[in-house]
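Have a look at the structure below, then the notes.
Every read-out reported here was derived from the displayed coordinates using simple, explicitly stated rules and does not represent laboratory data. As the structure is a prediction and not an experimental result, all values here were calculated from the model. Cβ coordinates were reconstructed from backbone atoms using ideal geometry, including for glycine residues, and neighbour counts include every protein chain displayed.
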Amino acid sequence: MLLVEVGGCVVEVEVRRSSRVQGSRVVVRPGRPPELVVRPRAGEDEIRAALEEHLPWLGRQLARTPVPRLGLDRLHLTEAQGRREARARVSLIAQSEAVALDVSYKRIALRDQRSRWGSCSTSGTLSFNWRLVLAPHDVLDYVVVHEVCHLVEHNHGRRFWRLVERRRPGYREQKSWLDAYGWEILAYRPPGEAAA
Ligand SMILES: [Zn+2]
C-alpha cells in the first residue's frame with residue numbers, strides 16, 4: 001500500500017504485481033482503492049516512478065469516480081431485518097401492480113446478489129435483491145414494477161420499456177439513481193446476526 005497526494009487528498013494506492021503488464025498501469029474502480037499494477041520484478045524506485053507518472057491521470061479519474069455518499073457504513077441493518085422489510089414492501093407493490101396489469105406470479109424470492117436488482121423467471125418467480133431496501137422507496141418501487149412488467153413482456157424490447165413508462169412515467173430518474181448509487185448498496189455488508 002502506498003500513500004500519495006492527489007488533488008489535495010491523501011489516497012491509498014494498492015500495488016499489485018502481474019506478469020501480464022509490460023510497464024505499469026493504474027486501475028480505478030468505485031468503492032475500492034486505486035490499484036497500481038506493475039511487472040513482477042519492479043523495484044521500489046520503479047514503483048514510485050510509475051506512480052508519479054500516473055498521478056495526473058489518477059487525479060482526473062478520482063475526480064470523476066463516485067465516493068460513498070449514502071452513509072450506509074453508519075447503518076446497522078442486519079440481513080434478516082433487511083429481508084423482512086424488503087419482502088413486505090416488495091410484496092405490496094408486486095401485488096397491486098400484478099392486479100393492474102392483469103398478470104400473476106407464483107412467488108417472490110429475496111436474494112443476496114452482488115450485481116442484480118431483480119429478475120423474473122419463466123416459471124413465474126419474481127426475485128429481488130434484498131439490498132433494495134437501502135434505496136429510496138421510489139427506486140425499489142421501480143425495480144418491482146420493472147420485473148412485474150416482464151410478466152407481460154419477457155424481454156427488454158421497445159414494447160417492454162413503453163409498458164414500464166406507462167406504469168411509471170418517471171422511471172428514468174430511478175434508473176439513473178441506481179446507476180449512480182447502486183454500487184454503494186451492493187457493497188453494503190450487514191453486521192453479523194449476533195449483533196442484532
Ligand atoms: Zn429487465
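Tabulated values for the structure
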item: Positive-end extreme of charge dipole, region 9-94 - chosen from 18, 57, 81 (charges on Cβ); result: 81
item: Translational diffusion of region 128-196, µm² s⁻¹ [Kirkwood Rh, Cα pairs; Stokes-Einstein; 4 °C; 1.567 mPa s]; result: 98 µm²/s
item: Computed [θ] at 222 nm, deg cm²/dmol, the chain (DSSP H ≥ 4; -39,500 (n - 2.57); rounded to nearest 500); result: -14000 deg cm²/dmol
item: Ellipsoid equivalent to the chain - semi-axes via the Cα gyration tensor, in Å; result: 42, 19, 15
item: Within the chain, percent of DSSP bridges classed antiparallel, to nearest 5; result: 55 percent
item: Relative contact order for the chain, counting Cα pairs under 8 Å that sit 6 or more residues apart, in percent; result: 18 percent
item: Directionally averaged shadow of region 104-158, computed from the convex hull of its alpha-carbon atoms, nm²; result: 4.0 nm²
